Amino acid sequence: MLKPQMSPTRELISLDGLWAFDIERDSRPQAWTGTLDSGLEAAVPASYNDLFVDSAIRDHVGWAWYQRKVCVPRRWTSDRIFLRVDAATHEGRVYVNDSFVGQHIGGYTPFEMDITDLVAPGEEFRLTIGVNNELTNITIPPGSITVAQDGRRQQKYLHDFYNYAGLSRSVWLYSAPQQRVEDITVVTDIEGTTGVVTYDVQASAPSTVRVRALDASGTQVAEAEGAAGTLRIEAANLWKPGAAYLYNLVAEIVDNGEVIDSYTQTFGVRTVEVRGAEFLINGEPFYFTGFGKHEDSPVRGKGHDDAYLVHDFQLLEWVGANSFRTSHYPYAEEVMDFADRHGIVVIDETAAVGLNLAVQGGLAGGATTPTFSPETFNDDTQAAHAQAIRELIARDKNHPSVVMWCIANEPSSNEEGAREYFAPLVELTRTLDPTRPVTYAVVMFATFKNDRIADLFDVMCLNRYYGWYVATGDLATAETYLKGELQGWVDKFGKPIMMAEYGADTLPGLHSVWDMPWTEEYQADYLDMNHRVFDSIPSFVGEQVWNFADFQTSNGIHRVDGNRKGVFTRDRKPKSAAHALRTRWRGLENQKPGTSN
Ligand code: BDP
């Protein structure tokens, strides 16, 4: 799916800003049929939860309404007119005046609708977007809704980060020609010093397509005719971790020498491959350093914010990180573009977090419910999961920064039914994108002995908390456990292995001379212990600390104002561990492949 853009043949209008807002109320069914008159205004993009002081809004379960007036430019007379919503978490419904236009399920991937026949150039229309935050056993991520004694509906879910909702990314109005470029796929390969670029342009109707590749200075380096084909770029500049180089593919639909539509797709020439126990980028071994992140900041919640984007990437560079995982959902497209431009490597994850009923039951000491069953996560869940994979790949397939798909976080992969659930999803991912390795983040209950799906994947990404949830405060025991377990995975699977999560909650300002959980020293020592073990395993290909920054969670006895495993605080101040990581990662530059940036 193409990101909307200005081009010689297209126009793009941002609808960001303040929108009239309300949550669904019994007194006002069908809110879209009139003007929203609650007096509330919500910022777009932003999650709505933390904007207001009213807990009924923060904890609302169900529909919320956003509304604004939109004027269609008078000159848009012969083009198609689209509305594009970058994210409506978790379900969106679009209304133009009184008409329902369409809906989309899935809170972290974009959707667009052709509204040409409902609006008129030069005239204003009332745009209402309904956003629903409900999670059930057949949504991705999953959840369940309970009713409290006083009748309030409450959302329960199986992940710890707060269920922020709303229009958390931008909304756009754009025009595009009737006959237009609808999709572009670019796959690159390297032959000697030549970049081999296979492209496929989908047009809205059979068309004459012309493509040109431009280098970073805008100089044309290759061209071709036809909707699909291959371009060869001699002496290509490769996209490398820490040294991004981007080309542009200008795709044009031409008719009698006239350019009818023009769309520019950025791409990088690079390859990704798993060979034996190595992870290779451009044929060279790569070692991941970095974090699992979250889209999370005070007040905005999961709302995209360019200022945080820039600052977070500055901090990644400062600390010597070369990568991150989009835990636990696809991030804003602005983030992916930024990673492309700045040479940061991304493991791109779907929103399938919490397909695991054993974790909560197990932690609470209660009986566990089977995770995969007709009553729990079933064929409908799997279908929603498949759709999440399709939409992620459709959106992110052309990003050179994306080197691997992570199709789930901590599913109950040791349980009966896991293989039947996951095998078709892995196959789907490979069919949609045969070029990138596929992984999942392995929960601590799934060991090399009892996991049922690991062999289906290319890279073992483990989430392990020895020294935190297990052997709390006892790093010596933790080290023994960790080493034993990692060696077990290595011996059994012989695949590249990396730590996708390891971390310790830490309150900045808390100190101790002993191994005291929650102190800054403990976080640093905990990471240090992990690193000693990682360094002793030759097939280890990376370390991503949990988490980049502290983040908001739902209420819970395990959390003090959110999850505090950040190496940076929620407002991005370094804890002691950040300095320790910086020393390690910057020092690794000459020891581990691909870590210089
Ligand atoms: C892991 C989850 C992650 C949590 C983390 C934690 O993947 O989302 O935030 O544990 O407990 O199990 O800090």
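The values are calculated or read from the model by the stated rules, or taken from the named source; none is laboratory data. Predicted model, so just to flag it, every value in this text is computed and none were measured. Neighbour counts run over all protein chains shown; Cβ positions are idealised from the backbone, glycine included. All accessible areas refer to the heavy atoms of the entire protein, side chains included, with ligands and DNA or RNA removed. Shrake-Rupley method; radii C 1.70, N 1.55, O 1.52, S 1.80 Å.
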Selected residue (criterion: nearest to the chain's Cα centre (by Cα)) from residues of the stretch 102-124 that are farther than 15 Å from residue 172 by Cβ and among the hydrophobic types (A, V, I, L, M, F, W, C) = 105
query = On the given criteria, is residue 142 crowded, with 22+ Cβ neighbours inside 10 Å and in the same structural domain as residue 48 (by TED's automatic domain parsing)?
reply = yes
remark   = Looking across the stretch 444-466 at residues that are within 13 Å of the ligand (Cβ to nearest atom) and in a loop (DSSP other than H, G, I, E, B), the single one that is most open to solvent (accessible area, probe 1.4 Å) is 445
ask   = Restricting attention to the stretch 225-269, which residues are more than 24 Å from residue 6 (Cβ to Cβ), outside any strand (DSSP E or B) and either in contact with a Ser or Thr (Cβ under 6 Å, 6 or more places away or on another chain) or among the small types (Gly, Ala, Ser) (or both)?
value = 226, 234, 235, 236, 242
request  = Would you check which residues across the stretch 209-252 are touching a strand residue (DSSP E or B) at 6+ places or on another chain (Cβ under 7 Å), of a type in the set (Ser, Thr, Tyr) and either farther than 25 Å from residue 394 by Cβ or surrounded by 16 or more Cβ atoms within 10 Å (Cβ to Cβ) (or both) and list them?
outcome  = 245, 247
task = Return the only residue of 513, 541, 545 being buried (at least 17 other Cβ atoms within 10 Å of the Cβ) and more than 16 Å from the ligand (Cβ to nearest atom).
result = 541
task = Could you tell me whether residue 222 is free of Cβ contacts under 8 Å to residues at least 60 places away in the same chain and not in a loop (DSSP other than H, G, I, E, B)?
result = yes
remark   = Going through (1) touching a helix residue (DSSP H, G or I) at 6+ places or on another chain (Cβ under 8 Å); (2) closer than 30 Å to residue 551 by Cβ one by one, residue 246 fails only at (2)
ask   = Within the stretch 467-495, how many residues are part of a helix (DSSP H, G or I) and within 16 Å of the ligand (Cβ to nearest atom)?
value = 3
task = With the condition kept exactly as written, say whether any residue in the stretch 581-597 is of a type in the set (Ser, Thr, Tyr), touching an Asp or Glu at 6+ places or on another chain (Cβ under 8 Å), surrounded by fewer than 18 Cβ atoms within 10 Å (Cβ to Cβ) and closer than 30 Å to residue 163 by Cα.
result = no
key: Residues (of a type in the set (Ser, Thr, Tyr) and either outside the structural domain of residue 437 (by TED's automatic domain parsing) or within 16 Å of the ligand (Cβ to nearest atom) (or both)) located in the stretch 304-343   = 326, 327, 329, 331
remark   = Requiring at least 3 residues that are more than 27 Å from residue 135 (Cα to Cα) and modelled with pLDDT of 95 or more, the strands (runs of 3 or more DSSP E) wholly within the stretch 1-91 are 11-14, 63-71, 80-85
Filtered residues of the stretch 552-567 (kept if outside any loop (DSSP other than H, G, I, E, B) and crowded, with 22+ Cβ neighbours inside 10 Å) = 563
inquiry  = Please verify whether residue 423 is open to solvent by less than 20 Å² (accessible area, probe 1.4 Å) and either touching a residue at least 24 places away in the same chain (Cβ under 8 Å) or more than 16 Å from the ligand (Cβ to nearest atom) (or both), treating the condition exactly as stated.
reply    = no
note = Out of (1) in a strand (DSSP E or B); (2) over 30 Å from residue 578 (Cα atoms), the one residue 289 does not meet is (2)
ask   = Before we move on, is residue 498 under 28 Å from residue 572 (Cβ atoms) and in a loop (DSSP other than H, G, I, E, B)?
value = no
remark   = Selection from the stretch 501-510 of residues within 16 Å of the ligand (Cβ to nearest atom) and of a type in the set (Gly, Ala, Ser) yields 503, 504
ask   = Does residue 166 count as farther than 30 Å from residue 246 by Cβ, assigned by TED's automatic domain parsing to the domain that holds residue 112, loosely packed, with under 14 Cβ neighbours inside 10 Å and more than 16 Å from the ligand (Cβ to nearest atom)?
value = no
note = Residues of the stretch 313-361 being of a type in the set (Asp, Glu) and surrounded by fewer than 24 Cβ atoms within 10 Å (Cβ to Cβ), in sequence order, are 317, 333, 334, 337, 340
note = Checked the stretch 429-443 for anything more than 16 Å from the ligand (Cβ to nearest atom) and part of a loop (DSSP other than H, G, I, E, B); matches are 433, 434, 435, 436, 437
